1. Within the range 48-62, which residues are in a loop (DSSP other than H, G, I, E, B) and surrounded by 15 or more Cβ atoms within 10 Å (Cβ to Cβ)?
2. Considering the range 17-39 alone, what residues qualify as being part of a helix (DSSP H, G or I) and either aliphatic (A, V, I, L, M) or over 11 Å from the mean Cα position of the chain (by Cα) (or both)?
3. For the range 240-262, name all the residues that are touching an Asp or Glu at 6+ places or on another chain (Cβ under 9 Å) and either surrounded by 13 or more Cβ atoms within 10 Å (Cβ to Cβ) or part of a helix (DSSP H, G or I) (or both).
Amino acid sequence: LPANTHKQLVVIDFEYASGNTPGLEFANHFTEWCYNYHDPTTPYICNTKSFPTPAEQRRFIRAYLNHRPQFSGFSSASATPKVVPSPGPGNAGISAFMLDSRGPPGGDAVPGGYAEEEQRRIADVERRVEELMVEARWWRIANSAQWVAWGIVQANIPELEEYDAACRTPSADAPDGEVGEMEKLDLEDGAEGAAKDGGEGEGDSEEGGSVEGEDKEDDEFDYVAYAQDRAMFFWGDCVALGLVRLEDLPGNVQEAVKIVDY
């Protein structure tokens with residue numbers, strides 16, 4: 001029903017969904033903090049001022065590691081151990097019913113007590129947090145390059161489509177079937193202009209349809225602007241990591257580059 005269209009599940013970017021390295025996943029998540037896709041005028045802008053601070057990144061990664069430690073390679077010493085009968089001399093049947101004979105499996109499983117084990121676990125988590133911080137920093141460049149390419153692929157550029165069509169169509173005057181792309185584009189432009197001049201009445205009758213088409217185009221996401229703006233973040237990371245010097249970039253790129261030093 002039309003009233004339920006807003007409840008439909010729409011799968012987006014499915015072709016890019018795959019298992020990635022933890023560093024790339026964190027880099028992608030943190031960069032998404034910079035976007036406001038509900039902005040009425042510039043939803044494609046990467047506002048690097050909103051990029052999470054190192055403290056915010058550590059807090060997020062730490063929560064990730066501690067959420068389900070059994071899948072993160074960490075175990076919590078504060079978790080309640082399983083209580084099983086401890087092996088000992090005497091009648092096994094009697095010890096099974098004696099509460100004093102029950103304890104953690106293997107006797108003293110944690111030398112030094114649980115407080116020491118908890119401190120060791122916390123140190124391991126903090127070490128892993130710092131490692132993932134570094135991984136996310138390095139993968140951020142690749143993540144930006146991926147989304148720049150995505151924006152270019154998604155963009156609808158009529159001029160490029162016309163050029164591709166012209167390149168695929170051989171010219172009758174060209175030797176050996178070579179393509180006369182420029183001549184074809186000129187002919188198409190001239191024919192289009194003649195059609196417009198000779199069909200003003202027809203265009204007036206379809207004015208409502210044209211306006212509707214323009215409104216539809218205005219509602220579309222500007223993928224070209226998205227790719228261009230994200231590319232400035234890509235170059236900013238290249239500069240910050242010393243892969244390229246700022247003065248080696250074109251002047252317009254130097255002015256628009258987005259640098260996050262952490």
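We did not get these values from a lab; they are worked out from the coordinates using the rules stated. Note that the structure is predicted; figures quoted are calculated from it, not measured. As a convention, Cβ positions derive from the backbone with ideal geometry for all residues, glycine included, and neighbour counts pool all protein chains shown.
1. PHE51, PRO52
2. Scanning the range 17-39 gives PRO22, GLY23, LEU24, ALA27.
3. ALA240, GLN254, ALA256, LYS258, ILE259, VAL260
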